[in-house]
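In what follows, a single structure is set out as structure tokens and then discussed.
The numbers here are math on the coordinates, done by the rules we state, and not lab data. Everything quoted here is computed from the prediction, not taken from an experiment. With ideal geometry, Cβ positions are generated from the backbone for all residues, glycine too; neighbour counts draw on all protein chains shown.
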Amino acid sequence: MKKLAKFLLNKIPRPMLINLSIFLRPLIYQFFKGNNFTDPIDGKSYRKFLPYGYGKQRENALSPGTLSLERHRQMWLYLQYETDFFTKNYKVLHIAPEQEFLRKFKKMKNLDYTSADLFSPIVDVKADILNLPFESESFDVVICNHVLEHIEDDRKAMSELYRVMKKGGWGILQVPMKNSLKKTYEDFSITEPKERQKHFGQYDHVRWYGMDYFDRLKSVGFDAEANFYSQKFSDADIKRFGLNRNEILPVVKK
């Protein structure tokens with residue numbers, strides 16, 4: 001079972017897995033339902049989460065219902081408990097949206113929600129993050145998760161996200177980080193997919209971010225906070241929600 005899960009999770013594109021999970025959701029829930037873990041995104045409880053990871057797999061990382069990972073569940077809990085995202089009228093830009101978030105956010109009547117991506121066929125606007133087709137100061141909230149590590153000129157992309165955010169706006173800009181690294185590790189001469197996976201953790205990544213990620217965000221104008229939000233929860237809840245205690249939630253403001 002574990003070997004099959006590893007094969008499916010690493011060989012089938014994540015968007016396809018999410019589409020399959022939506023179609024098969026009733027069966028998936030019946031198979032995995034239980035009382036050991038709770039996915040705050042769908043509110044359902046499961047006997048186990050699935051392992052996930054390109055190299056060494058993390059146990060109980062992937063929710064069977066939403067296919068959310070630790071970082072997604074942390075973000076959802078932050079939005080739920082620390083913001084008025086689910087109640088206040090906001091104009092939101094979501095770059096390369098996670099399909100489960102897109103599905104839920106589009107249904108929220110309080111949000112004027114725009115999704116954008118250069119390649120995805122399901123977004124509202126086809127857009128290059130290096131040259132976004134939006135007026136300056138257009139959005140109250142900007143969400144961009146696990147995109148910047150794919151882009152060599154990440155400061156240009158950050159500048160575009162800053163430009164389109166309204167003054168007083170805020171956002172969540174998650175990236176793969178190694179908390180033990182003070183300085184971001186990047187080498188653009190590494191282009192072979194296998195070498196990139198070896199050096200950066202995934203075949204299409206160009207860097208591992210270190211703690212200086214927040215200096216990069218500040219260099220384009222953001223106020224940036226390294227929020228260890230999972231640590232606000234008890235050990236029991238961290239286990240129940242399948243969170244990573246050391247996962248950083250990068251919250252930015254303008």
What do you get for chymotrypsin sites (Phe, Trp or Tyr not before Pro) in the stretch 66-105 restricted to DSSP loop and a cutoff of at most 15 other Cβ within 10 Å of the site's Cβ?
PHE86
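Do any of LYS104/LYS239; LYS107/LYS166; LYS44/LYS194; LYS178/LYS239 go past 27 Å between their Cα atoms, and which?
LYS44/LYS194
Evaluated at 20 °C with a viscosity of 1.002 mPa s, what Stokes-Einstein diffusion coefficient in µm²/s does the stretch 127-200 have when Rh comes from the Kirkwood expression over alpha-carbon pairs? Present the calculation step by step, with values, prior to reporting the outcome.
Values: Rh = 13.9 Å.
This corresponds to a translational diffusion coefficient of 154 µm²/s.
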Percent antiparallel among DSSP beta bridges confined to the chain, rounded to 5, stands at 50
Run through the DSSP bridge list for the stretch 82-228 and note the antiparallel percent, rounded to the nearest 5.
15
Under a Gaussian network model of the chain whose springs join Cα atoms within less than 10 Å, the largest fluctuation of GLY65, GLY169, GLY34 belongs to GLY34
Consider just the alpha-carbon atoms of the chain and return their Rg together with their Dmax, both in angstrom.
17.9, 50
